[in-house]
1. Counting just the residues of segment 200-219 that are part of a loop (DSSP other than H, G, I, E, B) and either free of Cβ contacts under 8 Å to residues at least 24 places away in the same chain or charged (D, E, K, R) (or both), which one comes out surrounded by the fewest Cβ atoms within 10 Å (Cβ to Cβ)?
2. All but one of (1) out of contact with any Lys or Arg (no Cβ under 7 Å at 6 or more places or on another chain); (2) under 21 Å from residue 129 (Cα atoms) hold for residue 39; which doesn't?
3. What residue, among those in segment 140-165 that are assigned to a loop (DSSP other than H, G, I, E, B) and out of contact with any Asp or Glu (no Cβ under 7 Å at 6 or more places or on another chain), is surrounded by the most Cβ atoms within 10 Å (Cβ to Cβ)?
4. Is one or more of the residues making up segment 117-139 without any contact (Cβ under 8 Å) to a residue 40 or more places away in the chain and part of a loop (DSSP other than H, G, I, E, B)?
5. For the subset of segment 140-165 comprising residues that are under 17 Å from residue 211 (Cα atoms) and of a type in the set (D, E, K, R), which member is modelled with the highest pLDDT?
6. Against the definition (at positive phi, open to solvent by 50 Å² or more (accessible area, probe 1.4 Å), out of contact with any Phe, Trp or Tyr (no Cβ under 9 Å at 6 or more places or on another chain) and at pLDDT below 95), how does residue 63 come out, yes or no?
7. Restricting attention to segment 1-53, which residues are hydrophobic (A, V, I, L, M, F, W, C), open to solvent by less than 50 Å² (accessible area, probe 1.4 Å) and at pLDDT below 95?
8. Taking the stated definitions as given, is residue 33 in contact with a Ser or Thr (Cβ under 8 Å, 6 or more places away or on another chain), touching a residue at least 40 places away in the same chain (Cβ under 8 Å), within 20 Å of residue 157 (Cβ to Cβ) and among the hydrophobic types (A, V, I, L, M, F, W, C)?
Amino acid sequence: MYAHKWIDGSEIGLPVGKAVCVGRNYAEHARELGNDVPTEPLLFIKPATALCDLNEPLVLPQDRGAVHHEVEIVVLLGAPLTNASPEEAHAAIAGYGVGLDLTLRDMQNALKDKGQPWEKAKAFDGAAPVSGFVEARGVSTRQNLSIMLEVNDDVRQHGHSGQMLFPIFPLVAEISRHFTLLPGDLVYTGTPAGVGPLTSGDRLVVKLGNFLAVRTEVA
């Protein structure tokens, strides 16, 4: 059973809620998939049942086409937010982690072609592996926060928060205008370019700046 944890492995004590995800928040990622660069945040939700521990082997759906990795900075909310300002959003963030937005790419493309929602491709069990969290007070907001994904010793994705079309604090505030964020909710803030397929036996290293590096594998 998934539970939010600090990077030392201790439980945080917040409930496990929804994960609000942001699509196409890095321009180069939007372009690599042939999508328009958005002028406002593109939002979708993964349920709590999609969350799992990034330290555990990744279990991918079978017989549903390609499963792609999308590495993202993940924000953990520690206070409720509704119609918040960026300053209020900043104050409500309890921690920062790193996660994968696993995506059934073939299915997503078929859904997009039909103009249908993405949840079947994005919200399956285990679709949101996430690391432990660094306490927000230990992370300087004056510096760009970087993320990186290596697969089988090759760097697949590398980006930082300064490349986001919608920066973290205004982004979280904007999300709270559309629906309330609760303590224990997560925000997946978007992925840089370089997404691609995962296969059984792949070895992954997922990094958040100098704060943490998680080694995992595909079962």
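The values are calculated or read from the model by the stated rules, or taken from the named source; none is laboratory data. Because the structure is predicted, anything quoted here is derived from the model rather than measured. Positions of Cβ are backbone-derived with ideal geometry, glycine not excepted, and every protein chain shown enters the neighbour counts. What goes into the accessible areas is simple: the full protein's heavy atoms, side chains included, and nothing from ligands, DNA or RNA. Shrake-Rupley method; radii C 1.70, N 1.55, O 1.52, S 1.80 Å.
1. 210
2. (2)
3. Ranking the candidates gives 145 first.
4. no
5. Restricting attention to segment 140-165, the residues satisfying the condition of being under 17 Å from residue 211 (Cα atoms) are 140-150, 158-161.
The next check asks that each one be of a type in the set (D, E, K, R); those that pass are 142, 150.
Numbers: 142: 76, 150: 98.
That would be 150.
6. Numbers: at positive phi: yes; open to solvent by 50 Å² or more (accessible area, probe 1.4 Å): yes; out of contact with any Phe, Trp or Tyr (no Cβ under 9 Å at 6 or more places or on another chain): yes; at pLDDT below 95: yes.
When the stated conditions are applied, residue 63 passes them.
7. Within segment 1-53, 27, 30 qualify.
8. On the way: in contact with a Ser or Thr (Cβ under 8 Å, 6 or more places away or on another chain): no; touching a residue at least 40 places away in the same chain (Cβ under 8 Å): yes; within 20 Å of residue 157 (Cβ to Cβ): yes; among the hydrophobic types (A, V, I, L, M, F, W, C): yes.
Here the answer is no, as residue 33 does not meet what is asked.
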